[in-house]
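The values are calculated or read from the model by the stated rules, or taken from the named source; none is laboratory data. The shown structure was predicted, so the numbers you read here are calculated from the model rather than taken from an experiment. In case anyone asks, the SASA skips ligands and DNA or RNA and just uses the protein heavy atoms, side chains included. Shrake-Rupley method; radii C 1.70, N 1.55, O 1.52, S 1.80 Å.
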Amino acid sequence: MADLGQGYAPRGVRLDAVCPGVIETPMVADMLDGQAEAMAEIMKQQPIGRPGTADEIADAVLWMCRPAAAFVVAVALPVDGGFTAH
């Protein structure tokens, strides 16, 4: 991604990605329904102590689309409650 991002940057095109962690969605709820132990194990690995929300992911995407992020190029932004940094 870095090569592509750097290649397109001179043309005014920013190539970035948002990398979500465990997010409260119907799919995750269905996967973990009745599996309290599995959910507890997942939460042990979440420094923030909870799953993320779709709104939190959307906020990160919207920020990356704003002029405030105009100098952000070729970045894979973890939006994962600190899991990657853990």
>> With a 1.4 Å probe and all protein chains kept in place, how much accessible area does residue 59 have, in Å² rounded to the nearest 10?
In response: 100
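Heavy atoms only, probe 1.4 angstrom, no DNA, RNA or ligands counted: give me 79, 73 ranked by accessible area, highest first. Numbers along the way, then the final one.
Details: 79 30, 73 55 Å².
Ranked from most to least accessible, the order is 73, 79.
Would you work out what percent of the accessible area of the chain, with all protein chains in place, is carbon or sulfur (probe 1.4 Å)?
62
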> Can you tell me the accessible area per residue over the chain, all protein chains present, probe 1.4 angstrom, in square angstrom?
Replying inline: 71
>> Please compute the length gained on full extension between residue 15 and residue 58, using 0.36 nm multiplied by the number of residues separating them and subtracting their Cα-Cα distance.
In response: 13.8 nm
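Quick one: divide the alpha-carbon radius of gyration of the chain by 2.2 N^0.38 Å and tell me what you get.
Details: Rg = 15.9 Å, N = 86, 2.2 N^0.38 = 12.0 Å.
Its radius of gyration relative to the 2.2 N^0.38 Å reference: 1.33.
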